[in-house]
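Before any comments, here is the structure.
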Amino acid sequence: MSTILLAGGAGYIGSHTAVELLNSGYDVIIADNYSNSCPEAVRRVEEITGQSVKVYELDIKDSVKLETVFSENKIDAVIHFAGLKAVGESVDKPVIYYRNNIDTTLSLLECMTRYSVKNIIFSSSATVYGEENPVPYTEEMKRGTCTNPYGWTKVMMEQILEDAAKADKELSVVLLRYFNPIGAHESGRIGEDPQGIPNNLMPYVAQVAVGRREKLTIFGNDYDTPDGTCRRDYIHVVDLAKGHVKAIDYILRNGGAEIFNLGTGTPYSVTEIVDTFEKVNGIRINHVYGPRRAGDLPESYANADKAFKILGWKTEKTLADMCRDTWNWQKNNPQGYKS
Ligand code: NAD
Ligand code: UD1
């Protein structure tokens with residue numbers, strides 16, 4: 001049985017991936033400093049799967065502490081989720097973002113070299129396509145110009161990992177470019193639990209639905225899109241988690257250096273999200289139209305063919321599933337894990 005280290009595995013995507021890896025027969029170790037998560041999320045992963053997870057509470061940047069994880073366990077592959085991800089905050093605190101996101105990557109690579117761990121999967125983002133590339137995005141497009149430090153950290157980390165793989169022919173690197181993950185595990189026991197005011201659309205909608213926020217502001221309805229609001233490639237977090245299992249199967253079997261888009265290939269507008277959430281859950285989402293948000297692109301969506309061709313992975317869940325599962329999580333956990 002192979003053992004997978006999830007750096008930042010207590011977070012939103014990491015916890016869902018832990019469930020799918022455990023259900024597929026992998027052993028999972030989580031290392032997290034809980035800067036944007038909590039031990040309860042891991043407890044619930046164990047509850048859902050009926051299996052136990054070894055956890056290290058540590059800062060991945062701290063390479064001395066990180067080394068204990070590698071010396072105490074035989075790790076077959078690492079998935080690197082540990083990053084700060086709030087776009088607006090990254091503009092205000094760029095040094096903290098560069099320090100955290102780049103240093104976690106370097107510490108992991110150093111420990112992997114020392115302990116001959118040769119497989120790493122990295123949580124990248126559609127944001128690396130920048131402003132220049134036309135939709136739908138394909139993996140061979142050049143990385144573009146980002147509008148914020150968060151995006152640049154992803155561009156830089158992709159470059160660092162590619163350089164490391166070029167220098168060490170035995171090192172296998174898979175870069176997964178996520179589109180817009182939403183939804184929650186169908187049990188309603190784990191889900192997205194943002195601290196403070198949500199930056200992203202779906203958690204904001206869910207908090208309006210549960211009465212924590214008064215109304216949603218839709219950022220702009222004068223874009224050159226079918227209904228004037230921006231369109232994104234929303235992907236159910238459980239589909240995304242299953243994509244990681246396929247990527248782990250692949251990297252352990254084939255190795256190499258690859259990039260995969262993880263998206264559905266179908267964009268939906270902000271208005272379609274609000275309408276679908278209202279319809280499937282029978283709840284009204286109080287909303288108003290406001291000005292555009294700086295840095296937003298009219299459209300972002302994947303060409304998802306490569307992941308299907310090479311990994312045999314494609315999404316299975318619908319937008320209605322995403323809206324239903326988000327609400328199931330939020331209504332059962334109105335204050336997130338603190339409920
Ligand atoms: P999240 O904040 O829920 O999870 C990240 C986890 O990493 C958290 O548990 C946090 O405590 C941990 N962490 C951060 N810095 C750490 C450090 N120095 N040491 C130890 N642990 C640390 O975020 P998520 O939504 O699960 O995202 C996971 C990854 O996917 C991130 O790298 C993010 O940038 C990337 N990503 C997310 C999205 C999205 O929309 N959620 C989209 C594209 C890419
Ligand atoms: C944002 C980030 C992106 C990051 C991703 C996941 C920006 C410019 N981009 O993507 O780098 O990888 O989150 O963390 O921030 N919206 C509203 N009202 C709201 C919130 C959002 O109308 O209160 C709209 C936005 O204008 C956008 C859509 O909803 O059109 C989706 O927004 P969001 O969930 O923040 O994702 P992205 O902007 O695609």
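Brief remarks follow.
- If the chain linking T266 and E278 were pulled fully straight, counting 0.36 nm for each residue of separation and taking away their Cα-Cα distance, it would gain 2.3 nm.
- Here the Karplus curve 6.51 cos²θ - 1.76 cosθ + 1.60, taken at θ = phi - 60°, turns the phi angles of region 178-183 into couplings of 7, 8, 10, x, 9, x Hz, with x standing for Gly and Pro.
- Among K61, K306, K142, the largest mean-square fluctuation in a Gaussian network model of the chain (Cα springs under 10 Å) belongs to K142.
- Backbone HN-Hα couplings from phi across region 113-121 [Karplus 6.51/-1.76/1.60, Hz, Gly and Pro as x]: 4, 4, 10, 6, 8, 10, 9, 9, 10
- Distance cut-off 28 Å, percentage of C-alpha pairs in region 105-248 lying past it: 33
- Of all aspartates and glutamates in the structure, the ones whose alpha carbon falls short of 19 Å from that of K93, not counting any fewer than 8 places away in one chain, are D59, D103.
- Nearest 10 degrees, 0 to 90: helix 63-72 Cα axis against the chain principal axis: 70
- Shape class of the chain from the Cα gyration tensor (axes a ≥ b ≥ c, square roots of the eigenvalues): prolate, since a/c reaches 1.5 or more and a/b is larger than b/c.
- The ranking of Y301, Y223, Y129, Y289 by Cβ neighbour count inside 10 Å, starting from the fewest, reads Y289, Y223, Y301, Y129.
- Across region 286-303, coupling constants 3J(HN,Hα) worked out from phi with the 6.51/-1.76/1.60 Karplus curve, θ = phi - 60°, read 4, 8, 10, 9, x, x, 4, 8, 4, x, 6, 8, x, 9, 8, 7, 8, 8 Hz, and Gly and Pro carry x.
- Model label points for V91 and E46, set 7 angstrom from Cα along the Cα-to-Cβ axis, are 4.2 nm apart.
- Under 20 Å from the Cα of K54 - lysines, other chains or at least 8 residues apart: K65, K74
- Between D296 and E67, full extension at 0.36 nm per residue minus the direct alpha carbon distance yields a gain of 78.5 nm.
- Angle between the chain longest axis and helix 12-23 axis [Cα atoms, degrees, rounded to 10]: 60
- Euclidean distance of C-alpha centroids, region 301-317 and region 69-110, integer Å: 26
- Amide H contacts under 5 Å for A257, placed H, 5+ residues apart: V173
- Reachable lysines, given that their alpha-carbon falls under 24 Å from the alpha-carbon of K317 and they are not under 8 places away in the same chain: K242, K246, K279, K306, K309, K331
- Under 5 Å, built H, 5+ apart or other chain: amide partners of H287: L216
- If you run the Gaussian network model on the chain, springs between alpha carbon atoms under 10 Å, then out of P149, P298, P181 the most flexible one is P298.
- Helix axis angle, 39-49 relative to the chain longest principal axis, alpha carbon, degrees: 90
None of the figures in this text is laboratory data; all of them are computed from the coordinates on show. Note that this is a predicted model, so its numbers are computed, not measured. Cβ sites come from the backbone with ideal geometry, for glycine too, and all protein chains shown count toward neighbours.
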